[in-house]
Structure formats: C-alpha cells, structure tokens
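The values are calculated or read from the model by the stated rules, or taken from the named source; none is laboratory data. Because the structure is predicted, anything quoted here is derived from the model rather than measured. Methodologically, a virtual Cβ is constructed for each residue, glycine included, from the backbone with ideal geometry; neighbour enumeration extends over all protein chains shown.
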Amino acid sequence: MDPPPPPVSNVPLMVGSALLSGAAASVALALCVLYSVYLKMSKRRDLPPGPPRVPFLGNIHQLPQLYQHKTFMEWAAQYGDVIYAEFFTQPTIIISSVKAAYDLMEKRGAKYSNRPRFVRNIELIGWTGNIAFRQYDDGWRRHRKLLNKE
C-alpha cells in the first residue's frame, strides 16, 4: 500500500496575501500622508482663518448634528467674524456678525452679486438674451429697467 500524500499547506498562500494587504495598507497610508502635506503646503493665504481640517472630511467631524450654530459661535470667538471651513470638499465661508455681513453685502456687494457661469445654457445653446442667466453688469441693469417700466 502506498503512503498517504503529504497534507497541502496553505501557509505560503496566507503569507502572500498578508504581505499584499500590508503593502496596500502602507500605500494607502502614504497617500493620505502625502495628501495631508499637500493640503498644508497649498493652503491659500487669502482665505479667512478657520479650524484645522482633516483630509477628505474637512471640518464635518467637528460639527454636531444639532445646534451647529453654537459651534459656529465658538469658532467666531476663536477665529473672528469671518471663518473659512470645509465640509467634505466644499469650501464654506461662515459670517457670524451683522457688521461683517453688512460690510460684505452693502459696501462690497457688487463683487458678490454675480451669477455662476452657465456654459451650457448661455454659450452652447445661445441663451444670451435671457435675463435670468445674465451676469450682473450694465446690460443686466438695462434689461431690468426695461422690464420694470410701467
């Protein structure tokens, strides 16, 4: 009678998959660290101060589900009336005082009262005469005056 065959060992397969998953985790960690360094290096100097951010999440982990305005007021006490934060990757400016809002809207309102650029509607389709899509300029003011005449 022949001797039984030796048992098949899964040890080399297990060691190989463990090495592969360890290498993947190391690469993912290295990418996160590089992205974090990139964010710190590329921080725009023209933005208002704000709380520190986490890559990909931004500041969303610092906000409670309820009473978010209390967190904004704490940030205002720490960083000032105008605060920059990111929620996931969405940049957000938080204005926490009436004076700052008045300064931005009344004194410099022409800077912020423009519409987004609708490439598809205006430039590709050619809806340049539609007042709803016009930029806030002299042409828009002329159209508004014509529409409001009685």
Matching residues in segment 116-141 (surrounded by 12 or more Cβ atoms within 10 Å (Cβ to Cβ) and either of a type in the set (D, E, K, R) or not assigned by the TED database to the domain that holds residue 76 (or both)) number 1
Scanning segment 101-150 residue by residue, the ones that are within 25 Å of the chain's Cα centre (by Cα), of a type in the set (D, E, K, R) and modelled with pLDDT under 75 total 4
Output for Cβ contacts, cut-off 9 Å, separation at least six or different chains, first residue at positive phi in segment 85-102, second of a type outside the set (Lys, Arg) and part of a helix (DSSP H, G or I), reads 88/60
